[in-house]
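**Q** Questions regarding the structure given below will be posed in turn.
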């Protein structure tokens, strides 16, 4: 064997050893390692938990040069507010603690405190890693860029029912929160109707934000709240037991709200939605180019076992367009897994849930392929251009009277529980499906369609007529279907232009249907 | 007529790049613009490209990024209906390679296509097997509905020789920035999720293969593990590869036993290197930065904050 190969094997063996030893992060990615390490104890900090160490830590920061890292060794550092400095990093093995008397209250009129633990304004290139117990924000940054908060543990004041968030970024760019645990900002939600402010990460009017690999739990309000911001990646977080939604995206001027990637998150036991993107107030549909994929959600929308008004599992989408939802799994949530209201183009593929997909108000194009879900439900005011559902496992389809959809395509699905009542203004394609119904009303009712193509379906119906076609259904073609019915196979009210052809039917087949 | 641009990222392309220039000059397909985006070559790559009339651009301050660099080239030269990407060592096997890959876009459902890769002349037996296993001669059209059958292989593709329909490409936001690799797979996944189809074009061929050392195999699979860790949503959307890795290993053992059985120990070492690299890559978040950098083939990726 050549020496180069042997060297490779030795090198790999070394790697294996490193893995076996369980190497841990001690200087996270992003931290500059070229500068000096400045120990705050050299500047007089005591870390005894009694002395106010603020000015010593500040002195260490102010004395640092570009690329230096201010280091806090083990101990408890009583701190009021520290002002961060551009290009100077801070890493702490000790605990930073704010005195309780600093605690102030969040209000809509005043959304940041006067005494955050770390204040950053118009600075850039800072890496932070620390443990803290704070009365107000752990970090409040405004107009900053390239800030990284990594591998930190932040604990708030759970007795403050109007808490500021742990991390507040206002008008920041290219910044990130990674590998961080944030808990107890704000009081726990006690009732289905009210909650207490206090969010883990609150991002306002910012651009280029990454929130990845964190754990946000037991905070008063949202895990993550994003407002009027764009180019946002929220990936691989575990967000649970918060008083409102796991992730909420809100709008202001809307121009900035685009390019979202919400992937691989675990969202459970939050009192509202897993993911809520709500542009209802803005008044027009906004294309946001979002990917919501690979998330897992469970049991959202409850407080102490009682239902709150919220609790979608995959997403609540209101007034937006250009969203792809894929590979998400959602179980045991309070509200429909996917709630779509007043949207443009939405694509949902290969999601699995025990919940419903619900469509409300107007929409442009909704395409769903390869999903498994309990119910498709359109509300009475539903009005859309295109609804295309294919290759899916669907419990039932509930289409109320009077919906208006230009084109509905239901292709090659397994639909486990009829009947499907289609009373709509528009064109219907119902092709290649397997539909079962044990209901008195039969399996399929057609009323008022402009055209309907029932082609190549397998329909199993227990009672009465399998297919009923009212006189108001126009241009109906029923072709090459396989119908097994406990009653007659079709009840035809002689609508104009109906064409019935090549169907294979078994009528009064009660034995087969048992 | 369909307007087509060709984009090639380069860094000291050497003789393969010269061969690529010759092969491109011989293509039947009319190309609107040839664009080279160079990472700082010092071996005459840039001069050779300019001599052939190529547009040449640098990386700027951003540094090389698999997705970002390619997107930068498109942003600078966006005027085409189809964007073709080649790597500097992927040499069209005949004069029709580009014509054949462009032709599949006549089907309005096709959003992206990628071509067949043949081993370079003189490639090792393992390189040859890798190409023959992953790039069969039959053309295949795949859509989202095929995910149940092929799992993650549904969106298998390579920017070594790939083409994108501009409208589809822009619809999914172009190449992602800041990914360690797999920008092509991410775009393919987004396209299929948005209802497009992709084509594997068996008669659009390039010569492209690599002779990796054990260490390089390890590093490459470390990067694959990192990519999979960072993009788990792709597997949630398309499924896993299931037994594909095992099938590949068996196939490679059979292939080597029939041709050069004395290389079997090397094959086994290569499996171990790949497996270890992949597993370490999957758990990269618990490794310190210096180890991530040491294990990775794409060192510069870890330099960013």
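The values are calculated or read from the model by the stated rules, or taken from the named source; none is laboratory data. Since this is a predicted model, take the numbers as computed values, not measurements. Reconstructed Cβ throughout: ideal geometry from the backbone, glycine too, with neighbour counts over all protein chains shown.
**Q** Scan (1) farther than 22 Å from residue B:248 by Cβ; (2) within 8 Å of chain A (Cβ to nearest Cβ) for the single condition residue B:296 breaks and write down its number.
**A** With (1) farther than 22 Å from residue B:248 by Cβ; (2) within 8 Å of chain A (Cβ to nearest Cβ) applied to residue B:296, the lone miss is (2).
**Q** Moving to a separate point now. Return only the number of the condition from (1) in contact with a strand residue (DSSP E or B) (Cβ under 8 Å, 6 or more places away or on another chain); (2) free of Cβ contacts under 8 Å to residues at least 40 places away in the same chain that residue A:305 does not satisfy.
**A** Residue A:305 satisfies every listed condition except (1).
**Q** Now for a separate question. Only one of these conditions is not met by residue B:224: (1) under 30 Å from residue B:144 (Cβ atoms); (2) within 13 Å of another protein chain (Cβ to nearest Cβ); (3) touching a residue at least 24 places away in the same chain (Cβ under 8 Å). Which number is it?
**A** Here residue B:224 meets the rest and fails (2).
**Q** Could we say that residue B:97 is within 27 Å of residue B:30 (Cβ to Cβ), crowded, with 21+ Cβ neighbours inside 10 Å, touching a residue at least 12 places away in the same chain (Cβ under 8 Å) and in contact with a helix residue (DSSP H, G or I) (Cβ under 9 Å, 6 or more places away or on another chain) here? Don't jump to the end; show me each part of the working.
**A** On the way: within 27 Å of residue B:30 (Cβ to Cβ): yes; crowded, with 21+ Cβ neighbours inside 10 Å: yes; touching a residue at least 12 places away in the same chain (Cβ under 8 Å): yes; in contact with a helix residue (DSSP H, G or I) (Cβ under 9 Å, 6 or more places away or on another chain): yes.
For residue B:97, the condition - within 27 Å of residue B:30 (Cβ to Cβ), crowded, with 21+ Cβ neighbours inside 10 Å, touching a residue at least 12 places away in the same chain (Cβ under 8 Å) and in contact with a helix residue (DSSP H, G or I) (Cβ under 9 Å, 6 or more places away or on another chain) - is met.
**Q** Identify, please: which residue in segment A:284-302 is at positive phi and either touching a helix residue (DSSP H, G or I) at 6+ places or on another chain (Cβ under 7 Å) or buried (at least 24 other Cβ atoms within 10 Å of the Cβ) (or both) and is, among those, nearest to the other protein chains (Cβ to nearest Cβ)?
**A** So, considering only residues that are at positive phi and either touching a helix residue (DSSP H, G or I) at 6+ places or on another chain (Cβ under 7 Å) or buried (at least 24 other Cβ atoms within 10 Å of the Cβ) (or both), the one nearest to the other protein chains (Cβ to nearest Cβ) is A:294.
**Q** Would segment B:121-131 turn up any residue that is under 13 Å from the mean Cα position of the chain (by Cα), modelled with pLDDT under 95 and either part of a helix (DSSP H, G or I) or surrounded by fewer than 18 Cβ atoms within 10 Å (Cβ to Cβ) (or both)?
**A** yes
**Q** Which members of segment A:194-209 meet the condition of being part of a loop (DSSP other than H, G, I, E, B), in contact with a strand residue (DSSP E or B) (Cβ under 9 Å, 6 or more places away or on another chain) and surrounded by fewer than 22 Cβ atoms within 10 Å (Cβ to Cβ)?
**A** Residue satisfying the conditions is A:205 alone.
**Q** Hey, another quick one. Looking only at segment A:259-293, count how many residues are under 10 Å from the mean Cα position of the chain (by Cα) and not in a strand (DSSP E or B).
**A** Adding up the residues that qualify gives 4.
**Q** Now for a separate question. On the given criteria, is residue A:371 over 22 Å from residue A:423 (Cβ atoms), at pLDDT 95 or above and either over 18 Å from the mean Cα position of the chain (by Cα) or within 12 Å of chain B (Cβ to nearest Cβ) (or both)? Spell out how you get there, then give the answer.
**A** On the way: over 22 Å from residue A:423 (Cβ atoms): yes; at pLDDT 95 or above: yes; either over 18 Å from the mean Cα position of the chain (by Cα) or within 12 Å of chain B (Cβ to nearest Cβ) (or both): yes.
Taking the combined requirement at face value, the residue satisfies it.
**Q** So which of B:48, B:80 ends up being in contact with a helix residue (DSSP H, G or I) (Cβ under 7 Å, 6 or more places away or on another chain), in contact (Cβ under 8 Å) with a residue 24 or more places away in the chain and assigned to a loop (DSSP other than H, G, I, E, B)?
**A** After applying the criteria, what remains is B:80.
**Q** Going by what's in this entry, would residue A:163 be described as farther than 17 Å from residue A:274 by Cα, out of contact with any strand residue (DSSP E or B) (no Cβ under 8 Å at 6 or more places or on another chain) and modelled with pLDDT of 95 or more?
**A** yes
**Q** With the condition kept exactly as written, say whether any residue in segment B:53-65 is in contact (Cβ under 8 Å) with a residue 12 or more places away in the chain, within 14 Å of residue B:162 (Cβ to Cβ) and under 17 Å from the mean Cα position of the chain (by Cα).
**A** No; the residues of segment B:53-65 include none that is in contact (Cβ under 8 Å) with a residue 12 or more places away in the chain, within 14 Å of residue B:162 (Cβ to Cβ) and under 17 Å from the mean Cα position of the chain (by Cα).
**Q** Given the conditions (1) assigned to a loop (DSSP other than H, G, I, E, B); (2) farther than 24 Å from residue A:287 by Cβ; (3) in contact with a strand residue (DSSP E or B) (Cβ under 6 Å, 6 or more places away or on another chain), report the number of the one that residue A:311 does not fulfil.
**A** Going through (1) assigned to a loop (DSSP other than H, G, I, E, B); (2) farther than 24 Å from residue A:287 by Cβ; (3) in contact with a strand residue (DSSP E or B) (Cβ under 6 Å, 6 or more places away or on another chain) one by one, residue A:311 breaks only (3).
**Q** Okay, next question. Being within 26 Å of residue A:426 (Cβ to Cβ) and crowded, with 16+ Cβ neighbours inside 10 Å is the filter here, so list the residues in segment A:480-499 that pass it.
**A** If the condition is that a residue be within 26 Å of residue A:426 (Cβ to Cβ) and crowded, with 16+ Cβ neighbours inside 10 Å, then A:481, A:483, A:489, A:490, A:492, A:495, A:498 are the ones that fit.
**Q** Still on this structure, I have one more. Does at least one position in segment A:483-493 carry a residue that is assigned to a helix (DSSP H, G or I), within 42 Å of the chain's Cα centre (by Cα) and in contact (Cβ under 8 Å) with a residue 12 or more places away in the chain? Quick ask: steps written out before the conclusion?
**A** At the first step, the residues of segment A:483-493 found to be assigned to a helix (DSSP H, G or I) are none.
Among the residues of segment A:483-493, not one is assigned to a helix (DSSP H, G or I), within 42 Å of the chain's Cα centre (by Cα) and in contact (Cβ under 8 Å) with a residue 12 or more places away in the chain, which makes the answer no.
**Q** Another question about this same structure. Please work out which residue is nearest to residue B:173 (Cα to Cα), limiting yourself to segment A:237-258 and to residues that are within 14 Å of the chain's Cα centre (by Cα) and either assigned to a loop (DSSP other than H, G, I, E, B) or within 14 Å of chain B (Cβ to nearest Cβ) (or both). Don't jump to the end; show me each part of the working.
**A** Step one: of segment A:237-258, the residues within 14 Å of the chain's Cα centre (by Cα) are A:237-240, A:242, A:244-250.
After this cut, where a residue has to be either assigned to a loop (DSSP other than H, G, I, E, B) or within 14 Å of chain B (Cβ to nearest Cβ) (or both) as well, the list is A:237-238, A:242, A:244-246.
Details: A:237: 23, A:238: 27, A:242: 32, A:244: 31, A:245: 27, A:246: 26 Å.
For segment A:237-258, the residue satisfying everything is A:237.
**Q** Of the conditions (1) without any contact (Cβ under 8 Å) to a residue 60 or more places away in the chain; (2) at the interface with another protein chain (Cβ under 10 Å from one of its Cβ atoms); (3) buried (at least 16 other Cβ atoms within 10 Å of the Cβ), residue B:265 satisfies every one except a single condition; which number is it?
**A** It fails just one condition, (3).
**Q** Given the structure, is residue B:238 within 11 Å of chain A (Cβ to nearest Cβ), buried (at least 18 other Cβ atoms within 10 Å of the Cβ) and in contact (Cβ under 8 Å) with a residue 24 or more places away in the chain?
**A** Yes.
**Q** Based on what the data block shows, is residue B:287 in contact with a helix residue (DSSP H, G or I) (Cβ under 8 Å, 6 or more places away or on another chain), within 12 Å of another protein chain (Cβ to nearest Cβ) and farther than 25 Å from residue B:120 by Cβ?
**A** On the way: in contact with a helix residue (DSSP H, G or I) (Cβ under 8 Å, 6 or more places away or on another chain): yes; within 12 Å of another protein chain (Cβ to nearest Cβ): yes; farther than 25 Å from residue B:120 by Cβ: yes.
When the stated conditions are applied, residue B:287 passes them.
**Q** Let me ask something else. Of all residues being part of a strand (DSSP E or B) and surrounded by 24 or more Cβ atoms within 10 Å (Cβ to Cβ) in segment A:210-222, which is nearest to the other protein chains (Cβ to nearest Cβ)? Just the residue, please. Before the answer, list the steps.
**A** To start, the set of residues in segment A:210-222 that are part of a strand (DSSP E or B) comprises A:210-212, A:215-217.
The next check asks that each one be surrounded by 24 or more Cβ atoms within 10 Å (Cβ to Cβ); those that pass are A:211, A:216.
Working: A:211: 14, A:216: 17 Å.
Checked segment A:210-222; the qualifying residue nearest to the other protein chains (Cβ to nearest Cβ) is A:211.
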